[in-house]
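The values are calculated or read from the model by the stated rules, or taken from the named source; none is laboratory data. These numbers come from a predicted model, not from an experiment. Backbone-built Cβ (ideal geometry, glycine too); neighbour counts: all protein chains shown. Side chains included, ligands, DNA and RNA excluded: accessible areas come from the protein's heavy atoms. Shrake-Rupley method; radii C 1.70, N 1.55, O 1.52, S 1.80 Å.
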Amino acid sequence: MKSYKELTREELLELQKELQAEYEEEKAKGLKLDISRGKPSKAQLDLSMPMMDVLNSTSDLSSEDGTDARNYGGLEGIAEARKLMGDVMGVDPSQVIVFGNSSLNIMYDCVARSVMFGVMGSTPWCKLDKVKFLCPVPGYDRHFGITEQFGFEMINIPLLEDGPDMDMVEEYVNNDPAVKGIWCVPLYSNPTGTVYSDEVVKRFANLKPAAEDFRIYWDNAYAIHHLYEEKQGSLLNIIDECAKAGNPDMVYQFCSTSKVTFSGAGIAAMSASPANIADVKSRMKWATIGFDKINQLRHVRFFKDYDGLTEHMKLHANVIRPKFQALLEKLDKELGELGIATWTNPLGGYFISFNAMEGCAKKIVAKCKEAGLVMTGAGAAFPYGNDPQDSNIRIAPTMPSPEELTIAADLFVTCVKLVSVEKLLEA
């Protein structure tokens, strides 16, 4: 198959006609498909349905230390849930708070507390002239949405093959006291699937922030979301590394079971140094007397322990791995030799990051939508929704059925080819 960039203008014009005809055929199907978000499929949600039978009206709802899960109390969560989530994050249970169903909510509240009250006695961010946040890109749109809502200046940090560009991170963090945080998805990054290398983690731990209230927001969302048993990404423990480096208070770590059990009814947790945990609890105690301990108990009794949790994740992998493989095979077959796009081949997580020719992403997404396929908005993986190259598209293959994904992939490939030809004809 010949690269599109090697075709003559006459060949491109002929190809444009063929592709436009294919596109019109796709549009005529009246499709209604949505792969815009990384949601679990029905088959994945069904895996956790037995958890609904773990507790009933005759169950003993006391936690292992005797706490009645039906009652008030337990601000930091029941002991066995702290142990389970601590095992996911690689920390002692004493360094864990178990919240409600959403880790995004925890992150939002951490930022909001910093704005209103400051961090461990520092000046509240609302009293500062400027607050800056570092944003590895492409990255998670909802992270950027939080910091945009609070009016922070967001600074793009290129995400390289082994993690964020640490030369840039160090330059900003170590020299600018207005830089208060950085967003990180360190294992199977959203959307690239990047795994932070040991060197990158160690460089994070050894930062020398100009701001005493600088924090790394370590969103370990995909800590146990491996696609393959035989090849998995591994991540150095950021909490341990920060402690070794003399920076124990520099990181907040987050995780949840949102894509493990039920997206709207899982459990979420954060881990941090004892000083950070005490600081967070000192503000939390006025907002709640404790989160849903019955749901925490339900999760622990369903999984029993970390080994049970990892076995459950193998079932998830069996559902979504074929979807990733089928989509990647389609991209390789249809676009691999055309010279018009590149994409990631992740070992875990929920996304494939697709890079079209510069200036083509918005047009590709618009053509897909016109033909009935809703995708994540072009530019969503960048602060302010602004991809400077207009090339990145996040693909979320998990929610559609295999049949729907095949149809979506066919349409997507046609749109990529058509828009790319149009771009080359403009040159």
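Assorted remarks:
- Theoretical gain in end-to-end length, Lys202 to Ser122 [0.36 nm per residue, Cα-Cα removed]: 26.2 nm
- The C-alpha atoms of the chain define a longest principal axis, and helix 9-27 lies at about 60 degrees to it.
- Residues listed by number, region 168-198, amide nitrogen under 20 Å from Lys244 label point at 7 Å toward C-beta: 170, 186-187, 195-198
- Cα-projected label distance for Ala43 with Leu31, points at 7 Å along beta-carbon direction, nm: 1.9
- Charged-residue dipole, Cβ positions (Lys, Arg, Asp, Glu), the chain about Cα centre, Debye nearest 20: 1000
- Correct option for Cα extents along the principal axes in Å [calculated from the coordinates] among (1) 87, 54, 44; (2) 75, 56, 35; (3) 129, 64, 41: (2)
- In this structure, the residue pairs whose Cα-Cα separation is over 31 Å, taken from Lys333/Lys363; Lys132/Lys333; Lys259/Lys369; Lys202/Lys259; Lys83/Lys285; Lys180/Lys285, are Lys132/Lys333.
- Cβ-placed point charges (K, R +1; D, E -1), dipole of region 281-397 about Cα centre in debye, nearest 20: 760
- Projecting the Cα atoms of Met357, Gly308, Ile294 onto the dipole axis of region 292-427, where Lys and Arg carry +1 and Asp and Glu carry -1 at the beta carbon, places Ile294 farthest toward the positive end.
- Given the chain, longest segment not containing exposed loop chymotrypsin sites (Phe, Trp or Tyr not before Pro) (DSSP; at most 16 other Cβ within 10 Å): 287-427
- Just the protein heavy atoms count here, and of the accessible area of the chain at 1.4 Å, carbon and sulfur take up 49 percent.
- Between the listed residues Gly264, Gln232, Gly73, the Cα displaced farthest toward the positive end of the dipole of the chain, a dipole computed from Cβ unit charges relative to the Cα centre, is found at Gly73.
- Rounded if a/c under 1.5, otherwise prolate or oblate - region 278-405, Cα gyration tensor axes: oblate
- DSSP-assigned coil residues among trypsin sites (Lys or Arg not before Pro) in region 297-335, each with at most 13 further Cβ atoms within 10 Å: Lys304
- Within region 85-165, the GluC sites (Glu not before Pro) that combine a DSSP coil assignment with at most 11 other C-beta atoms in a 10 angstrom radius are Glu161.
- Solvent-accessible heavy-atom area per residue, rounded to whole Å², over region 1-139 at 1.4 Å: 53
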